[in-house]
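Engineer: Dumping the structure here so I can ask a few things about it.
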Amino acid sequence: MKQGLVDYNLGIILGVTMFIGGIIGGRLTLKLSNVWLQHIYLTVVAILAFITLRKSQAQNQPAGTIDLLTPLA
């Protein structure tokens, strides 16, 4: 792009990293039992649901309150 909106170097790095992560994750998934995969999946979903709910509550609060999930700058 002429305006420099796309960082191609970062895109290549992220693409290669995701490809390698997919290979490693696929091999790891084949080695784990279904019970372990279910526990990992449920744990990750529960954590993401908690974070999503906390962020939605933080958006509905007045500006003077403290958000515990946002790191201090």
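Engineer: Restricting attention to the alpha-carbon atoms of the stretch 8-59, what are Rg (one decimal) and Dmax (integer), both in Å?
Structural biologist: 15.7, 41
Engineer: Determine ³J(HN,Hα), in whole Hz, for all residues of the stretch 38-45 in sequence, where each value follows from phi through the Karplus function 6.51 cos²θ - 1.76 cosθ + 1.60 and θ = phi - 60°; x replaces Gly and Pro.
Structural biologist: The phi angles translate into 5, 5, 5, 4, 5, 5, 5, 5 Hz.
Only the coordinates and a few stated rules stand behind these numbers; no lab work does. Just so we're clear, the structure is a prediction, and the values are computed from it rather than from any experiment.
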